[in-house]
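Enquirer: One structure, as structure tokens, below. Some questions next.
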Amino acid sequence: MAIVGTNRAGLTTRMPEGLTNAATWQTMGLAGLPDPTWAHTYAQDFDQYVAADWSLTGTGTPAAALVAGNGGILQLATTAGATDASFLQKTPAAFAVNTANKQTFFKFGGTPSSAAGAFYCGLAAIGSGAESALVNGIVLYKAAGAATIVLDIIVASAHTTFAFPAACVVTAATFIELGFAVDAVGNVLAFWNPTTGYNQVNGGVVGSVTTRGCVAVAAAPTLPAVNMAPIVGYTNNSAVAQTVNIDFLVASTER
């Protein structure tokens, strides 16, 4: 049966001769598809979880396991001690953010069960634990008892923070998408709930009280000079076990 009166091609871009992101003199310059090695990218949607690829540390008995849920979910869990914590970090360190004229991107999507504790995600040096003790990293951080996120850039244990607008509030059991981009001239742009995929929303405006898109910028800060890896962490603020359901993690650096 034919379907009439509809436009079923609105999201399709037809490129019968292919496309490329490679120069004519490069190996894939004549290919009809993009060069997949343009950037080093780690994209994990948690349809699978290989524990040996990760470092799981913390206080109490931290746990990480796949759970049922739309989109693939890895549940990071704490035990019930008042300051019990779980930190999950991809190993080994494979992302450098301070290469001249090269961009870096990081995305996290997930659902914390509580907004009371300390939560962070981003890129950090291997062996990281509590956010306050990070030695090198770029992370999105919510302190225990706080409602909003900050962009925290850590270089040799010196923390420099950039606040998100007050309207960007973390809510218990509510999905959040966070991210940052290091552009080609070294600025760091932080993102709050920009959405992913086909979502018709207005973009954020830097410096406004919007709760969508790029909401904070660090203008050409000093960046960590070490290789780093994706990390997610949560520390309790009361004697109740908590979880962070991680939907996806993405990290990418241009070659």
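The values are calculated or read from the model by the stated rules, or taken from the named source; none is laboratory data. Since the model is a prediction, treat every value here as computed from it, not as a measurement. Ideal geometry is used to build each Cβ from the backbone, glycine not excepted, and the neighbour counts take in all protein chains shown.
Enquirer: In the set 79, 111, 83, 61, which member is of a type in the set (Val, Ile, Thr), modelled with pLDDT of 95 or more and within 22 Å of residue 179 (Cα to Cα)?
Expert: On the way: 79 fails: within 22 Å of residue 179 (Cα to Cα); 83 fails: within 22 Å of residue 179 (Cα to Cα); 61 fails: within 22 Å of residue 179 (Cα to Cα).
On inspection, the qualifying residue turns out to be 111.
Enquirer: Take the residues in the stretch 108-123 that are of a type in the set (A, V, I, L, M, F, W, C) and touching an Asp or Glu at 6+ places or on another chain (Cβ under 9 Å), then tell me which one is surrounded by the most Cβ atoms within 10 Å (Cβ to Cβ). Break it down into steps so the answer makes sense when it comes.
Expert: First, the residues of the stretch 108-123 that are of a type in the set (A, V, I, L, M, F, W, C): 108, 115-116, 118-119, 121, 123.
In the following step, the residues that additionally are touching an Asp or Glu at 6+ places or on another chain (Cβ under 9 Å) were identified as 108, 118-119.
Values: 108: 25, 118: 20, 119: 27.
Filtering first and then ranking leaves 119.
Enquirer: I need the full set of residues from the stretch 6-31 which are closer than 24 Å to residue 252 by Cβ and modelled with pLDDT under 85, in order please.
Expert: 11, 13, 15, 18, 19
Enquirer: Determine whether residue 146 is at pLDDT 95 or above and in a loop (DSSP other than H, G, I, E, B).
Expert: Working: at pLDDT 95 or above: yes; in a loop (DSSP other than H, G, I, E, B): yes.
The answer is yes for residue 146.
Enquirer: Among the candidates 183, 152, single out the residue that is of a type in the set (Asp, Glu) and in contact with a helix residue (DSSP H, G or I) (Cβ under 9 Å, 6 or more places away or on another chain). Spell out how you get there, then give the answer.
Expert: Values: 183 fails: in contact with a helix residue (DSSP H, G or I) (Cβ under 9 Å, 6 or more places away or on another chain).
After applying the criteria, what remains is 152.
Enquirer: Right, something else. Quick one: which residue in 166, 172, 220 is in contact with a strand residue (DSSP E or B) (Cβ under 8 Å, 6 or more places away or on another chain), surrounded by fewer than 17 Cβ atoms within 10 Å (Cβ to Cβ), at pLDDT 95 or above and part of a loop (DSSP other than H, G, I, E, B)?
Expert: 172
Enquirer: Follow-up. Under 7 Å by Cβ, and 6 or more places apart or on different chains, what pairs join a residue from the stretch 190-216 that is surrounded by fewer than 18 Cβ atoms within 10 Å (Cβ to Cβ) with one that is among the aliphatic types (A, V, I, L, M) and modelled with pLDDT under 80?
Expert: 195/201; 198/11
Enquirer: Check the stretch 88-107 and report whether any residue there is out of contact with any Cys (no Cβ under 9 Å at 6 or more places or on another chain), hydroxyl-bearing (Ser, Thr, Tyr), crowded, with 20+ Cβ neighbours inside 10 Å and closer than 20 Å to residue 146 by Cα.
Expert: So far as the stretch 88-107 goes, no, none of its residues is out of contact with any Cys (no Cβ under 9 Å at 6 or more places or on another chain), hydroxyl-bearing (Ser, Thr, Tyr), crowded, with 20+ Cβ neighbours inside 10 Å and closer than 20 Å to residue 146 by Cα.
Enquirer: A further question follows. Let me spell it out: the conditions are (1) more than 17 Å from residue 238 (Cα to Cα); (2) part of a loop (DSSP other than H, G, I, E, B), and residue 82 meets all of them except one. Which number is the exception?
Expert: (1) is the only condition that residue 82 fails.
Enquirer: Conditions first: (1) modelled with pLDDT of 95 or more; (2) closer than 22 Å to residue 70 by Cα. Residue 239 passes all but one, so which condition is the exception?
Expert: (2)
Enquirer: Further question: Mind listing just one residue for me: the one in the stretch 135-145 that is in contact (Cβ under 8 Å) with a residue 24 or more places away in the chain and more than 19 Å from residue 212 (Cα to Cα) and, of those, surrounded by the fewest Cβ atoms within 10 Å (Cβ to Cβ)?
Expert: In the first step, residues of the stretch 135-145 are kept if they are in contact (Cβ under 8 Å) with a residue 24 or more places away in the chain; the result is 136-140, 142-145.
Right, trim to more than 19 Å from residue 212 (Cα to Cα) and you get 136-138, 143-145.
Working: 136: 23, 137: 24, 138: 26, 143: 19, 144: 16, 145: 10.
Restricting to residues being in contact (Cβ under 8 Å) with a residue 24 or more places away in the chain and more than 19 Å from residue 212 (Cα to Cα), the top hit is 145.
Enquirer: State yes or no: is residue 50 surrounded by fewer than 21 Cβ atoms within 10 Å (Cβ to Cβ) and not acidic (Asp, Glu)?
Expert: Values: surrounded by fewer than 21 Cβ atoms within 10 Å (Cβ to Cβ): yes; not acidic (Asp, Glu): yes.
For residue 50, the condition - surrounded by fewer than 21 Cβ atoms within 10 Å (Cβ to Cβ) and not acidic (Asp, Glu) - is met.
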